[in-house]
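The values are calculated or read from the model by the stated rules, or taken from the named source; none is laboratory data. Just so you know, these numbers come straight off a predicted model, no measurement behind them. Here the Cβ positions follow ideal geometry from the backbone for every residue, glycine too, while neighbour counts run over all protein chains shown.
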Amino acid sequence: MSYSEKNLAAVVKGDKSIDLRPWSVPDIGENEVLLSISAVGICGSDLKYWAYGKCGRFSLEGNPMVIGHEASGVVEKIGRDVKQLKPGDRVAIEPGVSCKKCDFCKSGRYNLCKKMRFCATPPVHGNLCRYYVHDADFCFKIPATMTAEEGAMLEPLSVAIHTCKRAGIQEGHHVVIFGAGPIGLLCGLVAKNYGAKQILTVDIDENRLKIAREFKATDLTYRVTANDKDPKELAEKLHQVARDDGCHAALECSGADSSLKAAMHVSRPGGSVMLVGRGSLDVELPMVMAGTFEIDVKGIFRYANTYPEAIRLVSSGAIDVTKLITHRFELETADDAFRTASDPKSEAIKIMIKCGV
Ligand SMILES: [Zn+2]
Ligand SMILES: [Zn+2]
């Protein structure tokens, strides 16, 4: 049987359904590899395409799309010019393939490349399937001691690494993290690794905060309630909990406008506010704070050059990403996986789908 005949892909249309369809596998280019996919994690953006057919500024526009972008696999075949990989190698797949030629690519900020082709971002198909072709330069060999699931987790871990790097987190820093979802938790673990002295995690969900404490992704927690309407007052309360006059870095990972506003107030002079979550398009921020107190407000869009470090952090045991995995499914039951991921009652953090061996 050919790879195309053996392939099966999880296709979304934006109506909360998953179609498992036969899916043709393209011929491999000179610098590409054919991969047998091992494990794929479900991300918040995947859920948005599955439920509504759009995420941020991207839309399916009625076209069915193979979902999935947090993946690892095994090399089956290599293109003519591929030197660094061979069949049988286990790899983590960095889902964004940039042009490698433009100013952004050449200056190392290839996540901003205008010609970026990113898995499961329309019109580019994702890799929740059995067989998949990818650019060899964006496949990273993982050590034998690393599991396929850990390989898939390097993608969300990359967001956390990129965030903590851009925030300049270092020894002795106080960090406030808004949102205790997978990215917030991973940011906590990376910030600790970078030497943060104290992390305070803020969320509306007590269960998530409990998990953050259990995972040692945070030192302190604060549960936001309906009384915390005023961002300035919320920041005052956070100062009291943290017993400081503001944090060196506030990482906004919740996407809530109110949290972003509070992040501006909770930052100390000279601190930084990182925009990791996506709030509404025209959120109003107290920018005078940034001007008067030299607070650096920085955007985060995916990541660049993070995979080697992510591999090192996980393979050395410095960061345990598997503890975030709460549910496991097979490709054949991808439908249940997405339903579970979208159901708050499931208390899922990271859901993994096994595609092959
Ligand atoms: Zn993701
Ligand atoms: Zn480019």
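Take ALA120 and tell me if it is in contact with a strand residue (DSSP E or B) (Cβ under 7 Å, 6 or more places away or on another chain), within 16 Å of ligand 1 (Cβ to nearest atom) and either modelled with pLDDT under 95 or closer than 27 Å to LEU281 by Cβ (or both).
Values: in contact with a strand residue (DSSP E or B) (Cβ under 7 Å, 6 or more places away or on another chain): yes; within 16 Å of ligand 1 (Cβ to nearest atom): yes; either modelled with pLDDT under 95 or closer than 27 Å to LEU281 by Cβ (or both): yes.
Taking the combined requirement at face value, the residue satisfies it.
Conditions tested, residue by residue: (1) away from ligand 1 (no atom under 16 Å from the Cβ); (2) not in a strand (DSSP E or B).
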| residue | (1), (2) |
| --- | --- |
| GLY68 | no, yes |
| SER72 | no, no |
| GLU76 | yes, no |
| LYS86 | yes, yes |
| LYS101 | yes, yes |
| LYS115 | yes, yes |
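Considering region 13-35 alone, what residues qualify as being within 21 Å of ASP335 (Cα to Cα), surrounded by 14 or more Cβ atoms within 10 Å (Cβ to Cβ) and in contact (Cβ under 8 Å) with a residue 60 or more places away in the chain?
LYS16, ILE18, LEU20, TRP23
Condition check ((1) out of contact with any Cys (no Cβ under 7 Å at 6 or more places or on another chain); (2) of a type in the set (Ser, Thr, Tyr); (3) outside any strand (DSSP E or B); (4) under 21 Å from ALA152 (Cα atoms)) across all residues:
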residue: SER4; (1), (2), (3), (4): yes, yes, yes, no
residue: SER24; (1), (2), (3), (4): yes, yes, yes, no
residue: GLY29; (1), (2), (3), (4): yes, no, yes, no
residue: LEU34; (1), (2), (3), (4): yes, no, no, yes
residue: TRP50; (1), (2), (3), (4): yes, no, yes, yes
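Would you confirm, using the coordinates I've provided, whether LYS83 is surrounded by fewer than 18 Cβ atoms within 10 Å (Cβ to Cβ) and without any contact (Cβ under 8 Å) to a residue 12 or more places away in the chain?
Against the criterion (surrounded by fewer than 18 Cβ atoms within 10 Å (Cβ to Cβ) and without any contact (Cβ under 8 Å) to a residue 12 or more places away in the chain), LYS83 qualifies.
Kindly indicate the residue of region 300-346 that is more than 18 Å from the chain's Cα centre (by Cα) and in a loop (DSSP other than H, G, I, E, B) and also surrounded by the fewest Cβ atoms within 10 Å (Cβ to Cβ) among those meeting that condition.
GLY317
Here is a check on your reading of the model: is GLY277 in contact with an Asp or Glu (Cβ under 7 Å, 6 or more places away or on another chain) and touching a residue at least 24 places away in the same chain (Cβ under 8 Å)?
When the stated conditions are applied, GLY277 passes them.
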